[in-house]
Structure formats: structure tokens, C-alpha cells
Amino acid sequence: MSISLRIHKRTDLHILRKLWHMGVGLIGVIFYLISGISQEKLAIALFVLAAVAIMVDILRINNHKIQKASLLVMRPFMRRSELRSITGLPFYALGVAISLSLFSEKIALLSVFFLIFSDPISSYVGIRFGKDKILPNKSLQGSSAGFVVCTIITFIYCLLEGHMGANIILFAFLAGIIGSISEMMSIFVDDNLTIPVISGLGLTLLNQIFIIF
């Protein structure tokens, strides 16, 4: 049996990958909040991680022995399409690093929460229930789930930051739209990159109007 036949396809639910996606992100946020490391230093560390991960992927793609060795660890989390391409990890680290570098702490963290939760949940709903395609690999159901998740995350995030009022509801609603759009933009670039970066940009502009953070 070939290696590719034992690895999940993009259209599989691949629950373990989604749990890994959320778990790694949450661990990273918790580490940042309790370690006292600065936003700038964490961004640099993630840029380095992204560079190292890309180099490892290039070696893995071009060396069968390294490929086999890496699959001993990575197989449960990989997609079949990633056997001969860059995995999601470098994009994940790069997207968070760029967000931390460009945006304020509150906005960067919110955009990272979008990545942690919206991406795997919208993917699950899209694969499980998506019937109405609106873009390649994107369904109305999956994108709607992403919108709902981002809206709820923003509303809870604002409440935890001590913000209340009708403007928070509108802010959360518009933030949900931004988050959903950022996920749909992954038809061009990996969503691990587009979600934190495009969401961070959109939330920054939105915050100029509402001045929440």
C-alpha cells in the first residue's frame, strides 16, 4: 500500500488534525499570556519556526528517507496533498508572527483566536454539511459557520475585556464578516496565513471606527 493511501485527503473530516490545530494554538496563546514574553520576541521566534519548518519540508519533499522518518510523527496530522508540498505548520507560524508584528496586542490575539477556532470549525461544517458551493473548496454552510464562530469569539472577547453595549454587538457582527472573508481568501493562499493577517487588518480598520481596543 502506498504512503498516500494511508493519509487523509482534504475532503476527509480529519478530526485529529482539527484538534491539533486548536490545541497548538491555545497552548501558544496560554504560553504567551503567562510567560511574560514580549509580543515582538514571540513574533521573531515564530518567524524562525516558520523558516525552519519550511526548510524541513523542503528536505522532506526531496528526500524519501526523511519523508518516511517525518511521517512517523506527522502522518496523523498531514493531508495527502502535503506529501509533495509545504505543510500547514509554516503558514500557521508565519500568519501568527505577521499578525503579532503588524497589529496591536488585542487585535493580534483576536485574529489568532479566529485562526484557532474558526478555521477548523468552518472546515468541519463545510465538509460535513456543505452543499452550496460559493467558491472552490468553500461552501455557504462552512463560511456561515466561520462567521458565527468569529462573531461569538469577538463578543466574548469584548466582554472579557470589560466592554459592553449595543456597539459591541455591531462590532462583533462586522468582525464575524471579516473573519469569514479572511477564511474564504484561502483560495489564493493557505488559510493559516490569510485568517490572522487579513482579519488583523480588517479588525484594525474596524477598531478605528468603534475604538473598542
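The values are calculated or read from the model by the stated rules, or taken from the named source; none is laboratory data. Just so it is clear, the structure is predicted and the values come from calculations on it, not from any experiment. Here the Cβ is made from the backbone with ideal geometry for all residues, glycine too, and neighbour counts use every protein chain on show. Protein only, heavy atoms only, side chains kept; ligands, DNA and RNA dropped before computing areas. Shrake-Rupley method; radii C 1.70, N 1.55, O 1.52, S 1.80 Å.
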- Answer residue from the range 165-198, given it is of a type in the set (S, T, N, Q) and within 18 Å of G126 (Cβ to Cβ) and is surrounded by the fewest Cβ atoms within 10 Å (Cβ to Cβ) among those: S186
- Residue in the range 100-133 that is surrounded by the most Cβ atoms within 10 Å (Cβ to Cβ), counting only those that are part of a helix (DSSP H, G or I) and among the charged types (D, E, K, R): D119
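Against the definition (touching a Phe, Trp or Tyr at 6+ places or on another chain (Cβ under 9 Å) and over 21 Å from L205 (Cβ atoms)), how does S144 come out, yes or no?
So S144 fails the test.
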- Query: Going by the structure shown, is N207 buried (at least 17 other Cβ atoms within 10 Å of the Cβ) and within 16 Å of H21 (Cβ to Cβ)?
  - Reply: no
- Pick from the range 33-66 the residues that are of a type outside the set (V, I, T) and not in a helix (DSSP H, G or I): which of them is farthest from the chain's Cα centre (by Cα)? N63
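From the list L72, L49, pick out the single residue that is exposed (fewer than 13 other Cβ atoms within 10 Å of the Cβ) and not β-branched (V, I, T).
Details: L49 fails: exposed (fewer than 13 other Cβ atoms within 10 Å of the Cβ).
Answer to the check: L72.
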- Message: Among the residues of the range 135-164, what is the count of those that are in contact with a Gly (Cβ under 9 Å, 6 or more places away or on another chain) and either of a type in the set (S, T, N, Q) or exposed (fewer than 13 other Cβ atoms within 10 Å of the Cβ) (or both)?
- Response: 6
- Item | Conditions (1) under 16 Å from the mean Cα position of the chain (by Cα); (2) surrounded by fewer than 20 Cβ atoms within 10 Å (Cβ to Cβ); number of the one not met by A93 | (2)
- Query: Hey, among the residues in the range 67-99 that are within 27 Å of I7 (Cβ to Cβ), assigned to a helix (DSSP H, G or I) and of a type in the set (V, I, T), which one's modelled with the lowest pLDDT?
  - Reply: V73
- Note on the structure: Scanning the range 134-149 residue by residue, the ones that are at pLDDT 95 or above and in a loop (DSSP other than H, G, I, E, B) total 0
- Task: Check off (1) open to solvent by less than 60 Å² (accessible area, probe 1.4 Å); (2) of a type in the set (S, T, N, Q); (3) touching an Asp or Glu at 6+ places or on another chain (Cβ under 9 Å); (4) under 25 Å from F188 (Cα atoms) for Q39 and give me the number that stays unchecked.
- Result: (4)
- Query: All but one of (1) in contact (Cβ under 8 Å) with a residue 60 or more places away in the chain; (2) within 25 Å of K9 (Cα to Cα) hold for L135; which doesn't?
  - Reply: (1)
- Item | Check on V197, in a loop (DSSP other than H, G, I, E, B) and either of a type in the set (A, V, I, L, M, F, W, C) or over 21 Å from H14 (Cα atoms) (or both) | no
- Scanning the range 104-131 residue by residue, those modelled with pLDDT of 90 or more and over 16 Å from the mean Cα position of the chain (by Cα) turn out to be S104, E105, K106, I127, R128, F129
- Of all residues in the range 181-213, count the ones that are of a type outside the set (D, E, K, R), in contact (Cβ under 8 Å) with a residue 40 or more places away in the chain and under 13 Å from S111 (Cβ atoms). 14
